[in-house]
Amino acid sequence: MTRPFLFCLLCFSAAASAITTSHWNHTSEADFKAGTLQNVVASNLGDLKLSRGLQVLLDQDPRFSSVNAIAQGADGAIYAATGPRGMVLSIHDGKTETIWQSTDDSAALSLLIDAQGRLLVGTGGERAAIWRLDKPQPKQLFSADGVQYIWAMTQAADGTIYAATGPHGQLFQIAPDGKSTVLFSCPEHNLLSLLSDEADKLYIGTDPNGLVYRVDRKSGQSFVLFNAAESEISALAMDKAGNVYAATAAQQEGATEQALPSEKNGRPEAGSAGGVAIPTQEPDMPKPPALPNPNPGEPPPIPRTQPPHLLILPEATEPPTASTPASSPDDGEEPPTVNAVPASQPAMRPAGGPASTPHPGGNAIYRITPAGIVSEIFRQPVLVLSMIQQDGKLIVGTGSEGLIYQVDPAAEETLVLAKVDAKQVLAMCQGRDGRVLLGMANSGAVVGMSQGFAKVGTYTSPVLDATQASQFGQMHLLGRLPEGSALQISTRCGNVRTAADGQWSSWSEPASATEYFPISSPSARFLQYRLLLTSGNGEKTPRIEEVDVAYQLPNLSPQVKSLRATVKAIAVAVETEEAAGGASGQRHVAWTAFDPNGDTLSYALWYRLQQRDPWILLKDKLKETQFDWDTRLVADGRYELKVVATDAASNPVGQALTGSRVSDSIAVDNTAPVIGDVKTTAMATGVTVELTVADRASSVASVEFSVDSHDDWRLAKASDKLFDSPREAASFAVENLTSGPHQIAVRATDAMGNAAYQTILVTIPPQAEKKKD
């Protein structure tokens, strides 16, 4: 039996029987993100991995709260532009130095290192400017009336600098001699992001209508490539194939940064996992039973051909394919450094209403091919604040929880590379040593994110609730363990929901993971598992694709929650084809029941005279939760019903449990009332009738009369005005009768619908009719 078939069989059996195995299964991004991740990330493909390694290069400084832009010089110095107090800091050889500070209240919004290696800073405030930090004195390179923000800058091969500005949607070109002109303007308020194809095309992202423009820097001709549903195009990037990636940062009211629900939908070939599987040990195969000797005492027959022996083949490793390199950054290998234009994003946002309704799923990254085809490759409830392209993948900085994503369009994979303490990753650039340099807001820090993995990370599952104290079995893990990486497992358990010290068991000692890992924690209601991932030298990471935890609930008694019996009325057809009510002599019995283990239930129904006689079996082996009881087959009286539920169909012989419920008392009355003491008194043209009705088991409900076999039944009145007791006196008068004989029918009905009939014969004398004339 193969492992996949065995696993499916176990899952199927868990639903059919209380004492077989139940499972907690974690296999999707949403499953894993319900736990606690420390230096561990979950991809949209449902994999757990170590996050990238992080190194704080500049810690929080009380002078500023945000790093709006970041760049690195040829000598390795890292430059950080800050706000709201405009400063430029240099971080080099472990030392931090302030190399420029604004003389007004403007913030430093953007940075650019020009072809000569000089640092340019763009500001935002009452009047924006571009400063070139020449030594010993900074030089103002650009300023223009009405320009308040220099959101982004880039430089062409001929030395021309281009500045994306606000709040009037202008793109300026600045010649090497400092002369500036408006190359492009549009009705948008702000040009937030700017990208050059390193030839003649510039790409611009705008606010407030979320447009992506393509501008020919030679001719000045412009063209709208894309209009996003979101209001802001916050960052742009381009890959080697010429695809443009546009990220959005529209504000989402009430949005929280949580992963969108994900499911396991497979992965493209480019996203196939490498490494070897988590180690497993094949079970010993039992010896098959010996065949009986069909001819005892006789020589053995000619032997049959022996079947081939069962071969257990080692699991094959995955060879590299033409579309998948033998090693990739995702497997721990560092890719070659790619020169990328440093991306920046301001801490403050320009005002402006969106031109379209933001997507309810948050913000997106769109891919625009050279042919103009647009597709969405990323969607999360975050603000995308910064983005660079690195070796075919996008590194994405977000707010408001400081998550850094990697988006691999070819593999259709999105994963969180790391999570920083700061809540917004405003700026990002490719470092010269392969690291990605990050500028943050809220704490104003600068962090270097390595291409290698964190050395150690832990994943702690959410608290798993078995609903009752249960026995824990084995943990089944699927994934990959590249050479040099390691995975260890610990578990703990308790009987209170919160895992407080002293109320739960201690964590078990970490043990090396195997595909089937026995859980050593004792029986309890709640369980947690913890995975310890290590990368060794930071080049490889364990990859966990699925965690399945087996547990076994004790068999619990079925529960019958309600039991009711109602009169089942039956319409009786008469010759006139009109329906006349009558007692059915039946009760519709219905009940509700459930089994805490999900067992299949069957039922037995019992009855007895209330608190007097022993229980009598009415019907057993019922599958449905209802039964029609014909009460005409029992004597009059007050009865109780009892339903007993059993889970015998889902448990071994001798281990079944039952649950029961007794009904309220049920009145059974199959006997019609008795009509007697009839007294008639003649009138001039009619008769007055007085009578008594009595019922043995219930109350009298009504008395009616009809004359001469007509079906026009009329109500008689009770002497005490109400029919509400077992014995009632009633009277009625019949008037305007013709002379001669007449037949009066009386019908008395009890509360259970039983009816009795009595016929009264009267004769009206002829003289009474004459007097009437």
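Taken over the range 653-673, residues that are more than 23 Å from Asp695 (Cβ to Cβ) and not hydroxyl-bearing (Ser, Thr, Tyr) amount to 8.
For the range 36-94, the set of residues classified as crowded, with 24+ Cβ neighbours inside 10 Å, aliphatic (A, V, I, L, M) and at pLDDT below 90 consists of Val41, Ala42, listed by residue number.
Conditions (1) within 28 Å of Val634 (Cβ to Cβ); (2) among the small types (Gly, Ala, Ser), marked per residue:
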residue	(1), (2)
Val662	yes, no
Asp669	yes, no
Val674	yes, no
Lys679	no, no
Thr685	no, no
Asp695	yes, no
Ser702	yes, yes
Ser706	no, yes
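Is the range 446-457 home to any residue that is under 26 Å from the mean Cα position of the chain (by Cα), in a strand (DSSP E or B) and either among the β-branched types (Val, Ile, Thr) or buried (at least 22 other Cβ atoms within 10 Å of the Cβ) (or both)? Among the residues of the range 446-457, at least one is under 26 Å from the mean Cα position of the chain (by Cα), in a strand (DSSP E or B) and either among the β-branched types (Val, Ile, Thr) or buried (at least 22 other Cβ atoms within 10 Å of the Cβ) (or both), which makes the answer yes. Count of the range 120-172 residues, restricted to those that are touching a residue at least 12 places away in the same chain (Cβ under 8 Å), touching a Phe, Trp or Tyr at 6+ places or on another chain (Cβ under 6 Å) and of a type outside the set (Val, Ile, Thr), is 8.
Restricting attention to the range 740-749 and to residues that are open to solvent by 40 Å² or more (accessible area, probe 1.4 Å) and either at pLDDT below 95 or of a type outside the set (D, E, K, R) (or both), the residue that is nearest to the chain's Cα centre (by Cα) turns out to be Gln743.
Here are the criteria: (1) among the aliphatic types (A, V, I, L, M); (2) open to solvent by less than 50 Å² (accessible area, probe 1.4 Å); (3) without any contact (Cβ under 8 Å) to a residue 40 or more places away in the chain. Tell me which single one Ala635 does not satisfy. Of everything listed in (1) among the aliphatic types (A, V, I, L, M); (2) open to solvent by less than 50 Å² (accessible area, probe 1.4 Å); (3) without any contact (Cβ under 8 Å) to a residue 40 or more places away in the chain, Ala635 misses just condition (2). Scanning the range 487-503 for residues that are touching a Pro at 6+ places or on another chain (Cβ under 7 Å) and over 20 Å from Asn25 (Cβ atoms) yields a single hit, Gln488.
Filtered by the rule that a residue be open to solvent by less than 70 Å² (accessible area, probe 1.4 Å), of a type in the set (A, V, I, L, M, F, W, C) and farther than 13 Å from Val687 by Cβ, the range 717-739 gives Ala718, Phe723, Ala729, Ala730.
Candidates are the residues of the range 444-464 that are at pLDDT 95 or above and in contact with a Phe, Trp or Tyr (Cβ under 6 Å, 6 or more places away or on another chain); the one that is farthest from Asn39 (Cα to Cα) is Leu464. All of Leu477, Leu481, Leu531, Leu527 fail the test of being surrounded by 17 or more Cβ atoms within 10 Å (Cβ to Cβ), in contact with a Gly (Cβ under 8 Å, 6 or more places away or on another chain) and not basic (Lys, Arg), apart from Leu481. Within the option set Gln155, Gln170, Gln148, Gln116, being at pLDDT below 95 and not acidic (Asp, Glu) holds for one residue only, Gln116.
Considering the conditions (1) at pLDDT below 95; (2) closer than 19 Å to Met752 by Cα; (3) in contact with a Lys or Arg (Cβ under 7 Å, 6 or more places away or on another chain), Asp695 is excluded by exactly one of them, (3).
Across the range 650-699, the number of residues qualifying as open to solvent by less than 70 Å² (accessible area, probe 1.4 Å), touching a helix residue (DSSP H, G or I) at 6+ places or on another chain (Cβ under 6 Å) and outside any strand (DSSP E or B) comes to 3.
Determine whether Leu437 is modelled with pLDDT of 90 or more and either open to solvent by less than 10 Å² (accessible area, probe 1.4 Å) or within 26 Å of the chain's Cα centre (by Cα) (or both). Answer is yes for this residue. Quick check on the range 594-614. Is at least one of its residues charged (D, E, K, R), farther than 30 Å from Asn754 by Cα and at pLDDT below 95? Looking for residues that are charged (D, E, K, R), farther than 30 Å from Asn754 by Cα and at pLDDT below 95, one finds at least one in the range 594-614, hence yes.
When the residues of the range 2-18 are filtered to those that are hydrophobic (A, V, I, L, M, F, W, C) and surrounded by 18 or more Cβ atoms within 10 Å (Cβ to Cβ), which remaining residue is modelled with the lowest pLDDT? This residue is Ala14. Just one of the listed residues (Val88, Val67, Val41) is in contact with a Lys or Arg (Cβ under 8 Å, 6 or more places away or on another chain) and either part of a strand (DSSP E or B) or among the polar types (S, T, N, Q) (or both), namely Val41. If you go through the range 44-64 and keep only what is under 21 Å from the mean Cα position of the chain (by Cα), hydrophobic (A, V, I, L, M, F, W, C) and not in a strand (DSSP E or B), you end up with just Leu45.
Scanning the range 155-182 for residues that are of a type in the set (Lys, Arg) and in a strand (DSSP E or B) yields a count of 0.
Yes/no matrix, rows are residues, columns are (1) part of a strand (DSSP E or B); (2) in contact (Cβ under 8 Å) with a residue 40 or more places away in the chain; (3) within 13 Å of Val689 (Cβ to Cβ):
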site: Ala701; (1), (2), (3): yes, yes, no
site: Ser706; (1), (2), (3): yes, yes, yes
site: Lys721; (1), (2), (3): no, no, no
site: Asp724; (1), (2), (3): no, no, no
site: Phe732; (1), (2), (3): yes, yes, yes
site: Ala745; (1), (2), (3): yes, yes, yes
site: Gly753; (1), (2), (3): no, yes, no
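Just to verify a result, which residue in the range 470-507, among those that are of a type in the set (D, E, K, R) and over 19 Å from Val456 (Cβ atoms), is modelled with the highest pLDDT? It comes out as Arg492. Filtering the range 365-388 to residues that are surrounded by fewer than 22 Cβ atoms within 10 Å (Cβ to Cβ), in contact (Cβ under 8 Å) with a residue 60 or more places away in the chain and either in a strand (DSSP E or B) or touching a helix residue (DSSP H, G or I) at 6+ places or on another chain (Cβ under 9 Å) (or both) leaves Arg367, Ile368, Val374, Ile377, Arg379. What number of residues in the range 550-566 are in a strand (DSSP E or B) and surrounded by fewer than 16 Cβ atoms within 10 Å (Cβ to Cβ)? Going through the range 550-566 one residue at a time, the tally reaches 5.
State which residue is most open to solvent (accessible area, probe 1.4 Å) when the search covers only the range 239-252 and only residues that are within 28 Å of the chain's Cα centre (by Cα) and not small (Gly, Ala, Ser). For the range 239-252, the residue satisfying everything is Gln251. Selection of the range 124-154 for residues being acidic (Asp, Glu) and either part of a strand (DSSP E or B) or in contact with a helix residue (DSSP H, G or I) (Cβ under 6 Å, 6 or more places away or on another chain) (or both) yields an empty set. Taking the condition among the β-branched types (Val, Ile, Thr), in contact with a Lys or Arg (Cβ under 7 Å, 6 or more places away or on another chain) and more than 23 Å from Gly53 (Cβ to Cβ), does Val496 pass? Criteria not met by Val496.
The values are calculated or read from the model by the stated rules, or taken from the named source; none is laboratory data. What you see is a predicted model, and the numbers here were worked out from it, not measured in a lab. Cβ: placed from backbone, ideal geometry, glycine included. Neighbour counts: every protein chain shown. Ligands, DNA and RNA are excluded from the accessible area calculation, which covers all protein heavy atoms including side chains. Shrake-Rupley method; radii C 1.70, N 1.55, O 1.52, S 1.80 Å.
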